[in-house]
Amino acid sequence: MTTAAARLRNEIGSRTARVGIVGLGYVGLPLAVEFAQSGFTVVGFDLDARKVDAISNGRSYIPDVPTADVSHLVQTGRLSATTDVALLAKMDTINICVPTPLRKTKDPDLSYIVAAVEAIAAHLRHGVLVVLESTTYPGTTEELVQPLLERTGLRAGVDFFLAFSPERVDPGNGTFNTRNVPKVVGGLTPTCSDLARALYAACVDRVVPVSSPRVAEMVKLLENTFRAVNIGLVNEIAQMCEHLGIDVWEVVDAAKTKPFGFMPFYPGPGLGGHCIPIDPFYLSWKAKQSGFESRFIELAGHVNGAMPRAVVGTIANALNRHRKSLNASHVLIAGIGYKRDIDDIRESPALDVMGLLHQQGARLSYIDPHVPRLSGKQWLGGYDLTSCDIDAVASADCVAVLTDHRAFDYDKLVAKSRLIVDTRNAIKQRHAHVFRIGAPAPDQTASAALVGAGAE
Ligand SMILES: NC(=O)c1ccc[n+]([C@@H]2O[C@H](COP(=O)([O-])OP(=O)(O)OC[C@H]3O[C@@H](n4cnc5c(N)ncnc54)[C@H](O)[C@@H]3O)[C@@H](O)[C@H]2O)c1
């Protein structure tokens with residue numbers, strides 16, 4: 001181990017290493033707080049002055065991070081935030097947690113990583129550890145980040161250290177958090193791995209070293225592709241069940257009693273968030289570069305991408321049974337966050353469903369305790385909306401439950417609504433006015449029962 005590496009190793013061990021986190025969003029802020037709570041002095045860097053101001057004032061804007069924690073860490077000098085990238089020069093370790101979206105063409109958009117790495121390169125010193133955490137295709141650390149940093153004349157693995165460690169945070173998950181989810185780490189060299197491992201071991205319960213950054217990058221994409229493909233499978237099974245007059249929710253609940261070889265996934269209105277709808281396409285793009293066609297990813301993307309339209313079909317069908325057309329009907333969307341109990345609407349399928357309903361002439365409103373406002377720019381309808389009160393469901397021709405937030409009073413929803421389409425099986429009791437995706441329509445169940453009784 002070189003002198004620089006040994007020094008950094010000691011600084012990590014004694015918590016005197018100064019930790020910089022670039023990008024203070026859903027991933028970066030929880031990580032910054034975790035490092036600070038472990039005894040490091042942490043500086044968060046973000047281009048968004050509002051986030052920097054919030055932290056400077058001791059306030060959290062991420063639901064999973066309590067304001068009390070941020071406030072305490074800021075007051076005790078353990079955590080600070082800045083927009084000034086020149087302060088990167090003072091950091092001993094730097095974690096990059098910036099967005100990795102897709103372009104409209106579904107190609108990776110690495111512009112945020114490039115901008116962050118260029119800022120780091122401009123202030124890079126001897127002996128610093130740089131860890132990329134943003135989800136990206138295998139090869140990014142070695143093919144993109146390393147050359148950008150080496151333009152400084154410093155050599156990776158010798159003058160500075162480089163690793164990839166995928167972030168696995170699951171916003172809104174009350175059980176698993178940054179600390180108790182094992183952290184996979186792949187360094188460019190054994191020394192890089194050792195340093196990155198030591199850094200994370202200081203604040204997470206378990207570190208899982210792998211042989212290279214490329215393997216660590218692939219681990220994350222396997223995990224998220226696994227989810228996308230299995231959700232695609234169950235969404236297809238749901239539509240098959242609907243066609244066959246079988247309740248998919250009952251099928252999955254029974255199948256999951258098998259103690260081995262099965263893992264439950266549930267149907268829904270489509271994929272959402274900054275990970276599952278996007279990450280698999282980073283992998284298929286990279287595979288395509290080397291002439292490999294990833295058929296599962298494309299197929300899952302196709303099935304999942306068709307779900308918002310399928311949900312609109314179910315809503316139209318339900319209204320039709322109530323002798324109403326989508327055109328001019330008032331549809332109230334219950335839940336627009338991309339998943340339960342969170343405020344994130346990035347890639348939310350609810351926005352797609354709303355846009356399609358708007359195109360068909362429906363009037364839209366919504367209720368979501370986590371998202372008080374939806375601006376016209378955020379959905380295809382183009383007009384601003386504010387979250388309604390639960391009593392508003394009584395005035396809707398149809399209520400579509402797209403996200404099963406725990407804060408909803410489902411009994412009240414059922415009692416007050418004229419018609420409901422439930423895409424999450426949030427309403428457990430069967431009711432004549434509640435339609436569910438992946439299940440027979442309520443009146444079909446009744447007639448099937450009658451036919452069955454007649455046949456006996
Ligand atoms: N959100 C999740 O659940 C989740 C889970 C696992 C992995 N990830 C991955 O982690 C990465 C970050 O995701 P996120 O959800 O935290 O994104 P986010 O949009 O919530 O946060 C990213 C932050 O980076 C800032 N930023 C962008 N460019 C910057 C720059 N050059 N310098 C400083 N700050 C910059 C943005 O202003 C923003 O605050 C992505 O690659 C994502 O795929 C996200």
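Worth pointing out:
Every residue, every condition in (1) closer than 20 Å to K220 by Cβ; (2) touching a helix residue (DSSP H, G or I) at 6+ places or on another chain (Cβ under 9 Å); (3) modelled with pLDDT of 95 or more, yes or no:
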residue: I94; (1), (2), (3): yes, yes, yes
residue: T100; (1), (2), (3): yes, yes, yes
residue: L110; (1), (2), (3): yes, yes, yes
residue: G127; (1), (2), (3): no, yes, yes
residue: T141; (1), (2), (3): yes, yes, yes
residue: P147; (1), (2), (3): no, no, yes
residue: R151; (1), (2), (3): no, yes, yes
residue: F160; (1), (2), (3): no, yes, yes
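- Residue in the stretch 129-136 that is farther than 27 Å from E347 by Cβ, in contact (Cβ under 8 Å) with a residue 12 or more places away in the chain and open to solvent by less than 20 Å² (accessible area, probe 1.4 Å) present: yes
- Single residue of A36, A86 found to be at pLDDT 95 or above, more than 25 Å from the chain's Cα centre (by Cα) and of a type in the set (A, V, I, L, M): A86
- Qualifying residues in the stretch 9-45 (those that are surrounded by fewer than 24 Cβ atoms within 10 Å (Cβ to Cβ) and assigned to a strand (DSSP E or B)) - the one nearest to the ligand (Cβ to nearest atom): V43
- Total residues in the stretch 106-127, condition in a loop (DSSP other than H, G, I, E, B) and in contact (Cβ under 8 Å) with a residue 40 or more places away in the chain: 4
- Qualifying position, being open to solvent by less than 70 Å² (accessible area, probe 1.4 Å), within 11 Å of the ligand (Cβ to nearest atom) and either of a type outside the set (S, T, N, Q) or modelled with pLDDT under 95 (or both), among D64, D48, D69: D48
- Residue in the stretch 85-100 that is farthest from the ligand (Cβ to nearest atom), counting only those that are part of a loop (DSSP other than H, G, I, E, B) and more than 15 Å from L283 (Cβ to Cβ): D92
- The set of residues in the stretch 344-396 that are among the acidic types (D, E) and open to solvent by less than 40 Å² (accessible area, probe 1.4 Å) comprises D344, D368.
- Residue that is crowded, with 16+ Cβ neighbours inside 10 Å, modelled with pLDDT of 95 or more and in contact with a helix residue (DSSP H, G or I) (Cβ under 8 Å, 6 or more places away or on another chain), where the choices are G272, G186: G186
- All of T141, T189, T136 fail the test of being away from the ligand (no atom under 11 Å from the Cβ), of a type in the set (S, T, Y) and under 26 Å from the mean Cα position of the chain (by Cα), apart from T141.
- Failed item in (1) assigned to a helix (DSSP H, G or I); (2) open to solvent by less than 10 Å² (accessible area, probe 1.4 Å); (3) within 16 Å of the ligand (Cβ to nearest atom), with A5 passing the rest: (3)
- For L221, the conditions (1) assigned to a helix (DSSP H, G or I); (2) open to solvent by less than 30 Å² (accessible area, probe 1.4 Å); (3) more than 16 Å from the ligand (Cβ to nearest atom) all hold with the exception of (3).
- Where A163 falls short, out of the listed (1) out of contact with any Gly (no Cβ under 7 Å at 6 or more places or on another chain); (2) open to solvent by less than 10 Å² (accessible area, probe 1.4 Å); (3) in contact (Cβ under 8 Å) with a residue 40 or more places away in the chain; (4) away from the ligand (no atom under 14 Å from the Cβ): (1)
The values are calculated or read from the model by the stated rules, or taken from the named source; none is laboratory data. Everything numeric here is computed off the predicted structure, so don't read it as measured data. Cβ: placed from backbone, ideal geometry, glycine included. Neighbour counts: every protein chain shown. Protein only, heavy atoms only, side chains kept; ligands, DNA and RNA dropped before computing areas. Shrake-Rupley method; radii C 1.70, N 1.55, O 1.52, S 1.80 Å.
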